[in-house]
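Take a look at the structure set out below.
The values are calculated or read from the model by the stated rules, or taken from the named source; none is laboratory data. The structure presented is a predicted model; accordingly, all values stated were derived computationally and were not measured. All Cβ positions, glycine included, derive from the backbone under ideal geometry; neighbour counts span all protein chains shown. The accessibility values were calculated without ligands, DNA or RNA, using every heavy atom of the protein model including side chains. Shrake-Rupley method; radii C 1.70, N 1.55, O 1.52, S 1.80 Å.
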Amino acid sequence: MTERFVGRFRGGRVEGNRPESLPNWLISTSDSDVAAEVTQLLGGHPEGRQIGSRTHLEIETKVNEVEIVISGPSALTVDMRLWHRRGLVHHCDGAAHLTPESARGKPCGCPQSITERKAAAKAFQGPQPHIALTFSLTGAPHLGPFLFHSMSWELAEGIQQTKQALMESNGPAIAALRLERVELKTRRGVAVFYHKPAIELQKPK
């Protein structure tokens with residue numbers, strides 16, 4: 001996915017070296033005009049944030065769901081990746097290698113079940129999901145494409161159906177991109193929560 005994008009949608013951020021799950025979408029952009037229009041459309045206030053050597057504007061919006069336009073199946077990429085300090089060491093689609101070219105199409109050896117795949121990834125012995133989606137906002141299509149990237153196992157479980165639906169549809173598709181609150185209890189009975197991403201294609205009218 002090489003298309004330029006004007007900003008990123010994020011469901012969380014890192015504060016003090018600790019990940020923080022957010023209830024509403026966080027949007028980062030380097031374009032002040034984009035930040036101003038996104039703020040007007042989705043609420044929030046642009047704040048400067050240093051990311052590496054560049055300063056970006058972040059908007060913690062007031063919404064956990066946005067209506068988007070997905071141009072087609074090429075706007076959604078789904079694969080599995082395992083990174084090491086020497087770089088990308090495993091890249092597959094869950095069944096066959098995607099890279100390097102010499103291994104492309106050959107069985108990757110990943111387990112079939114999500115449970116086994118999660119366990120392998122947790123032990124740094126297997127890849128994690130890598131989902132990337134470019135889209136435009138129905139409320140401001142002229143701004144251009146935004147990017148959403150996720151490594152969520154929950155999103156990965158149904159993403160192939162979304163990909164297939166995009167391949168079967170004629171032309172662009174309207175979808176809802178949302179953050180859903182999930183509550184659970186730890187083994188000690190402590191209530192915790194997080195927000196998982198979801199992509200829901202809307203049926204044509």
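The count of lysine pairs in the chain that are at least 8 places apart or cross chains, and whose C-alpha atoms lie under 29 Å apart, stands at 19.
Counting only protein heavy atoms and a probe of 1.4 Å, the accessible surface of the chain is 50% carbon and sulfur. With R₀ set to 30 Å, the beta-carbon distance separating Ala96 from Ser152 gives a calculated FRET efficiency near 0.85. Annotation: cysteines of the chain without a disulfide-compatible partner (Cβ-Cβ under 4.7 angstrom) are Cys110. The mean accessible area for residues of the stretch 55-205, using a 1.4 Å probe and ignoring ligands and nucleic acids, is 60 Å² per residue. Using only Cα atoms, locate the centre of the stretch 82-138 and the centre of the stretch 1-30, then give the distance between them in Å, rounded to an integer. Measuring centre to centre over Cα atoms gives 22 Å. Over the C-alpha atoms of the chain, the Rg to Rh ratio, Rh being the Kirkwood estimate, stands at 0.97.
Is the stretch 77-120 best put as rounded, prolate or oblate by its Cα gyration tensor, with a ≥ b ≥ c the root eigenvalues, rounded for a/c under 1.5, and otherwise prolate when a/b is larger than b/c, oblate when not? It comes out oblate by the Cα gyration axes.
When the alpha carbon coordinates of the stretch 27-92 are projected onto the principal axes, the ranges are 42, 33, 19 Å, largest first. One way to sum up the overall shape of the stretch 1-117 is the equivalent ellipsoid from its Cα gyration tensor, whose semi-axes run 34, 17, 16 Å, largest first.
Charging the Cβ of each Asp and Glu at -1 and of each Lys and Arg at +1, and nothing else, the dipole of the stretch 37-184 about its Cα centre rounds to 660 debye.
Which net charge results when you count Lys and Arg as +1 and Asp and Glu as -1 among the other residues whose beta-carbon is under 13 Å from that of Ala140? My count for the surroundings of Ala140 gives -4.
Taking Cβ atoms as reference points and 14 Å as the exclusive limit, the residues near Pro127 contribute a net charge of +1, counting Lys and Arg as +1 and Asp and Glu as -1. Using a probe of 1.4 Å on the protein chains alone, the accessible area found for Arg104 is around 130 Å².
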